[in-house]
Structures are given as C-alpha cells and as structure tokens.
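To start, the structure itself, in structure tokens.
Read the figures in this text as sums done on the coordinates, not as results from a lab. These numbers come from a predicted model, not from an experiment. Positions of Cβ are generated from backbone atoms using ideal geometry, with glycine treated the same way; all protein chains shown enter the neighbour counts.
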Amino acid sequence: MPAGAVSSQMAPASAVASSGSSLLSLAGDNPYFQAGFGLLGVGAAMTLARTGSIWGATVLRRRMLVSLEIDNRDRAYDWFLGWMAHRSSSAAKSTARSAPWIRSHELSVETMIERRPNGSSSVFFQLVAGPGTHWFKYKGAWMQVKRERETRSMMGGQQTGMAVPWETVTLTTLSRDRKLFPELLAEARDLGMRGQEGNLVIHTAWGIEWRPFGKPRRKRPLQSVVLEPGMGEKIEQDIKAFLARRQWYADRGIPYRRGYLLHGPPGSGKTSFIQALAGSLSYDICLLNLSERGLADDKLNHLLSNAPERSFVLIEDVDAAFNKRAQTTADGYQSSVTFSGFLNALDGVASGEERIVFMTTNHVEQLDPALIRPGRVDFSGLIDNASPLQARTLFHRFYSGGADAEVDADELEVLAHNLQEIVEGRMKNGERVSMAALQGHFIRNQPREAVTRSLELFKCR
Ligand SMILES: Nc1ncnc2c1ncn2[C@@H]1O[C@H](COP(=O)(O)OP(=O)(O)OP(=O)(O)O)[C@@H](O)[C@H]1O
Ligand SMILES: [Mg+2]
C-alpha cells in the first residue's frame, strides 16, 4: 500500500475528532439518530431485564423450589412410575377428563400380562409418563415431573446381554411442599408392594448387583406341585425350623445359612417346587447362573453375600457349571468362576446374615463330594419321575371338579386308579414317566383318553 494512502486516510480521522461536538449536535437534531439511540437504550434495558429475570428465576428456584431425583437403579423408580400411571387411570375413571399429566404429549406404554390361576391370561396397556416434562397436582401442590433418558450410558449390558438406558425422573415442587415427597414415595411404595403381594419376584445378577427380572409372577400354590408323599413337607419343615433358629445359630457362632440340593431327572418338579416354596414363605428368588459371561470369583462372592433380604439363591444345574464341556462355550468363551472360588463363595465370610441356597441338578453322581458336604449342602433330596401315587394325585388335580360333565366323580376315581396301576406295572419293567410329560398329556386329553393313551408316555430309563 502506498504511504500516501495512509496519510490520506489519517487526515479525516483527526478531522472527526476535532469536529466531535458539531457531530453530536448534528445527531441530536437528526431524527434517525434519535431513534437509533432510543433503540439502543431499549435493547440495553431489555438485556438487563432478561439477565435480571434469569438471575431472579435462579434465585427463586434455589430458594423456593425443591427437586428430588430418582434414577432407574432405585426401586422407587418403578414404584413412582407405577403410581403415576395408577393415579392417571383412577382419575380417568372417576372423572370424565383424564389426569393432568395424561394431557402431556409424551407418553410411554407399559404392557402388562395378567395370568389367572386357571392359566388364561389377558394383556392390557398402561400409559405412563414418557421422557419429557409433565405436571400433576398432589394434595393441592403442583409438581413437575421430568423424565430423562440417557441412551449413551447403558446399564447391565455386558453381563446380561440386555442393556437398559440410564433414566432419571426429577420431581420439582415448591419448597414449602417438600414434606409431600416422603408421603408421595410411601404411597408409591405401598402401591408397588401391594402389586407384589401374592406374586413371586425373581432377581437376576446385573454386574455385581441383584435386580428384579421382569414383572413379578403369580405365586404357584405349593400343593400344585405333587411330590412323593412327605417330600415336600420334609423340605418345608426343614426350612421353617431353620428360620426359627436364628438366635440358636448366633449363640453358637455358626454361620446362619442352609443349603439344599434337589436332584433328579428332568421335569420332575424341582424348579417348580422351589418357586412354590419361595412363594409360600413370601421369599424372593435370586437366580444365579454360574456360567454367565463376566462372572468371576470375586463377583460371585459379592453376589452371594449381598442377596436381597428374604430371598433364596437358586443355582440350577450345578453339575453343568463345572463340567469341562460346559465351561467353554461354542465361541470359545471360558467361564471364569472356578470350582474352588465357588466353594469359597458358598462358605463366605462368617456373618449373621441369613442365607438360603437351593441347587438343582439332573446328575447328582457327577457332583464333587466337596460341594455336597454338610455346611454347603445340608439337605439333599431326590425328586424323581412320577410314582404311581403322584400320577394319580396329578390326575385328580387336573380333572376333579372340572366342568367336564361327561365323566362323573365315581368314574374319575376308577380312571385315576387305573392310571395308578398302569404306572405301577410299568415301573416293574423299569419304565418311567416324568411329571412334566404327564402334565402335558393331561392338558391335551380328556380324562378317558388320558388313561387309555398313557401307555405312549413311558420310557425305559
Ligand atoms: N411334581 C410335579 N407336580 C406338578 N407339576 C409338575 C411336577 N413336576 C413337573 N411338573 C410340571 O412340569 C413342568 C416342568 O417342571 P420343572 O421345571 O419344575 O422341572 P424340573 O425338575 O426343574 O426339570 P429340570 O431338571 O429339567 O430343570 C412344569 O410346568 C411343572 O408344572
Ligand atoms: Mg429345573
């Protein structure tokens, strides 16, 4: 750039400085300039007001509002969503209009399957607050509910193969209504627990913690599992005696735990009986899979010593976890729970905590004697294929008192007796039938055919 150009630009600048006062007076007279200054003033005032209002709102929120965050690892999370859904559905029933939050635009659906004792089931949908912001009124106070989902961080994925997004609900209300939070949560808990009454909750391991798996299932009546006479009662009495002796164990410094092993052929009712027993004692079940990916000795130890209160730890097919074939899966994955690690976890550190472990197997003869020694397994019982009497009892359970008018009670008695004799005769030839096979057969057939066609079921064992 030529030097002359610079000096020629400098000249007007000094000219402006020297004639500043004349310019101002010019601007004062010019209506356009006046409007510009006015606008500038208004803009500045608005910015100030906005900053002020944001600041005011923050102060107000800090001072006057109170928030409660619940994340989906907490049990209260499901209770709260269930409670909201319940409120909305009962409000919709009692008044023609729906509950306040139902009018919001973000909803999620929860599908529920209700199974009835007779085996039929019905499916219904419940609308719950989806991710987003919702409002509702509780005991005269307005509450804001914000449900947020963080899909980038997933929980539980690696261990279970199923990942759930991280979620939170944040409840916000006026400070003066903060006392309502505990009331609301207690109400939600009571509702949630009431829903579980009469139901069996099954937990599975998610990493190092136990979480309920699926919706609670309907309890199965203990008598519906037909075992060899006396067997069910024996196990039930044993566990009741154990539960009544907590102090006795504590006084003698014996770890308060008991192990049960139910062994026998497939489909004889081992799993069904354990579930029914848990239900009858109002216990939960913690299903532990020793071959699960990512489960190592330390995690197993943690899981076994941190099972939820009032629960049975159930380990199915214990033989499979440590036989060499099962230890390596098709894709070359090796279970990292060692047999000695498992034994140590079963022994655990001596603690006053109650622990009840149930194990099942189809091959008791393959179990290491170290596993079934007292202290690890205190009660071992054979749950076998159908005995003649079991077959007869199951037959009665299926058909007695049914709507089938074709067969009266007397004939049923004769049929049951015939079935008993068939099973007895076959047993002499070394042929057996499983209770599961009988159950399937009874479902498919009417009483008369069930008996005449029962011969097809038997297998040599
Ligand atoms: N003793 C029984 N009384 C009534 N029903 C039974 C009995 N045994 C089995 N069943 C029925 O058969 C099915 C399978 O039973 P279950 O799963 O309890 O057998 P299991 O002994 O655990 O078999 P597996 O060793 O293969 O695990 C269930 O639907 C159950 O209702
Ligand atoms: Mg089973």
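Details
- Neighbour-count order for THR452, THR58, fewest beta carbons within 10 angstrom listed first: THR58, THR452
- Order of PHE379, PHE273, PHE136, PHE358 - criterion: other Cβ atoms within 10 Å of each residue's Cβ, fewest first: PHE379, PHE136, PHE273, PHE358
- Sorted ascending by nearby beta carbons within 10 Å, beginning with the fewest, LYS428, LYS270, LYS215, LYS179 become LYS428, LYS179, LYS215, LYS270.
- Only lysines eight or more places from LYS139 in sequence, or on another chain, were considered; those with a Cα closer than 27 Å are LYS93, LYS179.
- Taking a straight Cα-Cα cut-off under 26 Å and skipping sequence neighbours fewer than 8 places away in the same chain, the lysines within cross-link reach of LYS299 are LYS215, LYS324.
- Electrostatic bookkeeping for PRO388 treats Lys and Arg as +1 and Asp and Glu as -1; over the other residues with beta carbon under 14 Å from its beta carbon, the sum is -1.
- 25 Å Cα-Cα threshold exceeded, pairs from LYS234/LYS428; LYS219/LYS270; LYS219/LYS459; LYS240/LYS270; LYS146/LYS219: LYS234/LYS428; LYS219/LYS459; LYS146/LYS219
- Extension gain from THR58 to THR170, taking 0.36 nm per residue of separation minus the Cα-Cα distance: 38.6 nm
- Distance between the modelled labels on LEU343 and GLU148, one decimal in nanometres: 5.1 nm (7 Å Cα→Cβ projection).
- Ellipsoid fit via the Cα gyration tensor, segment 388-460: semi-axes of 21, 12, 10 Å, each the root of five times an eigenvalue, largest first.
- Spacing of the two label points (7 Å from each Cα toward its C-beta) at ASP368 and VAL414, in nm: 5.8
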